[in-house]
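The values are calculated or read from the model by the stated rules, or taken from the named source; none is laboratory data. All of these numbers come straight from a predicted model, not from anything done at the bench. Glycine also receives a Cβ, built like all others from the backbone with ideal geometry; neighbour counts cover every protein chain displayed.
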Amino acid sequence: MPDRTPSLFVEDVTKSFGPIPALRGVSFAAAPGEVLAVLGPNGAGKTTVVNILSTLLRPDSGWAVVAGHDVVADAAGVRRSIMLTGQYAALDDALTGFENLVLFARLLGLPRRAARARARELIAEFDLDDAADRAVGRYSGGMRRRIDIACGLVVPPQVVFLDEPTTGLDPRSRQRVWDLVSGFKARGITTLLTTQYLEEADHLADRIVVVDRGVVVADDTAARLKDRVGGSVCEVVPVRPRDVPEIADVVGIFAPAGTVEIGTDRVSIPALDGAGTLARVAAAIDARHLRIADIALRRPSLDEVFLALTGTGSAPLEVAA
């Protein structure tokens, strides 16, 4: 049987900076191999959570356990079990990629020969052979992020913390980081990810924790969070915008009273029967010989979920292009 003891367990954790509360009773857990995304507006407490779990900060109260180690009582045990990649790569720009890896390996206690062997393994695994002997100060942003993550994997961790790891990266470099996270999951490594990109959380996370003003306001899968905001809608876009009123008349018979949304170039109704609603709407439109440019089922986006959960006082997260 797989081990389902939580790799991360956080219960009623609080933290204040002077009179300002950063965390006000945060609780969540993550299982081995799970990818957990922590989302929230700027200043919501995401990085504070990561800093407490990685022993960079002490909680004021509450309980937090990482890979079986209490973050206060056994901070050294936590540090031996984790990898932390922050928003800025912790590298020596004057050293090459290979030399940075050897340095980290030696600091973690590997003998010289083993350190060099492990560095070569990671250079190959992270597809950095061509840049291995180049000073890190000359690396691109995506290469710096990859070598930074590689340094954290010199000794395989049980839990990985990625604090906004793809901020500022181009789409190809972002995809490489996504592939790395998928690799962690396949190896049973738990990943806690904070991100400014909703698409990233939707794509990678098994579960999403939304933090707002230091409080957990939601903890669920992306699919169930979207269901909380609203079900699927059937959206019809006619070829000729002037057909919108007639389209609305046709599809209105499949929607509860008052639920037809009419835009300048499209009509939307709740898809109470999912694909069944879509099929009936398409057949009715075809029977009226109306030409449509598009017809589709659309679920609420994670943007809409975020705005609904964090309220009108919060700015939306960025969405990756």
Suppose we keep only residues that are of a type outside the set (Asp, Glu) and free of Cβ contacts under 8 Å to residues at least 12 places away in the same chain within segment 224-266. Which one would you say is nearest to Asp60 (Cα to Cα)? Arg224
Cβ contacts < 7 Å: first residue closer than 29 Å to Leu39 by Cα, restricted to segment 290-312; second residue of a type in the set (Ser, Thr, Tyr), any location; separation 6+ or different chain. Result? Leu297/Ser232; Arg298/Ser232; Arg299/Ser232
What's the total number of residues in segment 132-151 that are surrounded by 15 or more Cβ atoms within 10 Å (Cβ to Cβ) and either touching a strand residue (DSSP E or B) at 6+ places or on another chain (Cβ under 8 Å) or of a type in the set (Lys, Arg) (or both)? 8
Got a sec? Which of Val177, Val154 is in contact with a Pro (Cβ under 8 Å, 6 or more places away or on another chain), surrounded by 15 or more Cβ atoms within 10 Å (Cβ to Cβ) and among the aliphatic types (A, V, I, L, M)? Val177
With the requirement that a residue be surrounded by 13 or more Cβ atoms within 10 Å (Cβ to Cβ) and either in a helix (DSSP H, G or I) or modelled with pLDDT of 90 or more (or both), what does segment 96-113 give you? Thr96, Gly97, Phe98, Glu99, Asn100, Leu101, Val102, Leu103, Phe104, Ala105, Arg106, Leu110
If I ask for residues that are surrounded by fewer than 16 Cβ atoms within 10 Å (Cβ to Cβ), more than 18 Å from the chain's Cα centre (by Cα) and not charged (D, E, K, R), which ones from segment 216-237 would you list? Gly230, Gly231
When only residues in segment 62-78 that are buried (at least 16 other Cβ atoms within 10 Å of the Cβ) and not small (Gly, Ala, Ser) count, which is nearest to the chain's Cα centre (by Cα)? Val66
Mind telling me which of the residues Asp133, Asp129 ends up being in contact with a Phe, Trp or Tyr (Cβ under 8 Å, 6 or more places away or on another chain), modelled with pLDDT of 90 or more and among the acidic types (Asp, Glu)? Asp133
Only one of Asp219, Asp227 that is assigned to a strand (DSSP E or B) and of a type outside the set (A, V, I, L, M, F, W, C): Asp219
Return yes or no: is Ile147 outside any loop (DSSP other than H, G, I, E, B) and farther than 30 Å from Lys46 by Cα? no
How many residues does segment 1-23 contain that are in a strand (DSSP E or B) and either of a type in the set (Lys, Arg) or without any contact (Cβ under 8 Å) to a residue 12 or more places away in the chain (or both)? 3
